[in-house]
Amino acid sequence: MVDVDGQRIHVVDEGSGRPLLLMAAMGSNWFDLDHLAARLVERGWRVVRFDRPGYGLSEQLSRGRVLTLSLEVSWMAGVLDALRIAEPVTVVGHSVASLYVEAFARVHPTRTAGVVMLDGSYVLLPWRVVPLGVRIDNAHRMIDTGRRVTQRFRLPRRGFSRVRTVVLPRPPEGFYDHEHYWAAKVFGNWPMLLATMVENAAFPAINASLRRMRKNHPMPPVPVIVVAALSGPKPWQRFWLWKQARYARMLGGRLIPVAARHFVVLEIPDEVADAIDQVR
């Protein structure tokens, strides 16, 4: 556990070699990255990952603190500082974490050795209707209501560990025993649900901040790879491939299409590790 910007954050630091900061998707905890992290460690990376506030074992973000892009970037830099990692790192972001990884690279170009986006959240047009503060307040109200209903009718609050194995793709070696253990403790509980809803509520504002940042903070001259997960109907695959190819061009990177669903870190960790190795 480390303290970053007044938040207690759970950090996992494994392996040795060139440092790599591995960022999880929205609604994901540190153990969702275990299969990919294990492969990267075997390949000689020092893999750092952390639970963003509210996820996993990290302290929940206080109700009065607004989730912003600059805050996400400060947590990334703060974790690296706490681990005394001064050399440039390869930053890898899955899904919505691609926004945080891109922002980190633009804000901290000298601390960035390479960038990998794993089926990243590239939004073509900005969208924001309801103000950020209202969206976040609504998320808290919904969770507060859920808590009260659960307590009033004595409904179970846990038991989501097996649900996780149904909704997420099965890794090649199957789910680890410790994943079931930790999923039973944190997956689907109130702090994680709230963190997911708050992050979703903040997404339009975070995306708008990143779009503004792109105008004044160029990407550093480092290797960039965009992994695009292709699944579902052919028309959707063609659209997603076009969209991710545009993302790669905007970042000045290279596109690697893979046959998989969105949760590539679990479904095809070997292929993802191969792609990450290409920025070494």
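The values are calculated or read from the model by the stated rules, or taken from the named source; none is laboratory data. Not measured: the values here are computed from a predicted model. Glycine also receives a Cβ, built like all others from the backbone with ideal geometry; neighbour counts cover every protein chain displayed. Protein only, heavy atoms only, side chains kept; ligands, DNA and RNA dropped before computing areas. Shrake-Rupley method; radii C 1.70, N 1.55, O 1.52, S 1.80 Å.
Numbers below:
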read-out	value
Cα pair distances in the range 60-126, grouped into 10 Å bins until the bin that holds the longest one, percent each	20, 49, 27, 4
The range 25-85, Rg to Rh (Cα coordinates; Rh as Kirkwood inverse mean 1/r)	1.01
Test item: Cα-centred dipole of the chain, Lys/Arg +1 and Asp/Glu -1 on Cβ, debye	1140
Protection-proxy order for peptides 172-185, 52-65, each taking the mean of Cβ atoms within 10 Å per residue, highest first	52-65, 172-185
Whole-Hz couplings from phi, Karplus 6.51/-1.76/1.60, listed for the range 188-198; x for Gly and Pro	x, 7, 4, x, 5, 4, 5, 4, 5, 5, 5
Euclidean distance between Cα centres, the range 227-280 to the range 174-194, Å	27
1.4 Å probe accessible area per residue over the chain, in Å²	45
Of all accessible heavy-atom area on the chain, the percent that carbon and sulfur account for (1.4 Å)	55
Cβ-based net charge around VAL96, under 12 Å, with every Lys or Arg adding one and every Asp or Glu removing one	-3
Under the Karplus curve 6.51 cos²θ - 1.76 cosθ + 1.60, θ = phi - 60°, whole-Hz ³J(HN,Hα) for the range 223-240, x wherever Gly or Pro sits	x, 10, 10, 10, 8, 10, 8, 10, 7, x, x, 4, x, 5, 4, 5, 5, 5
Counted charge near VAL47, where neighbours are those whose Cβ lies closer than 12 Å (Asp, Glu -1; Lys, Arg +1)	+1
Prolate/oblate/rounded label for the chain (Cα gyration tensor, a/c 1.5)	rounded
Summed residue charge, Cβ within 15 Å of ALA86's Cβ, Lys/Arg positive, Asp/Glu negative	+1
Segments 2-9, 71-78 sorted - mean Cβ within 10 Å per residue, highest first	71-78, 2-9
Pairwise label distance in nanometres, ARG238 with ARG65, each label 7 Å out on the Cα-Cβ vector	4.7
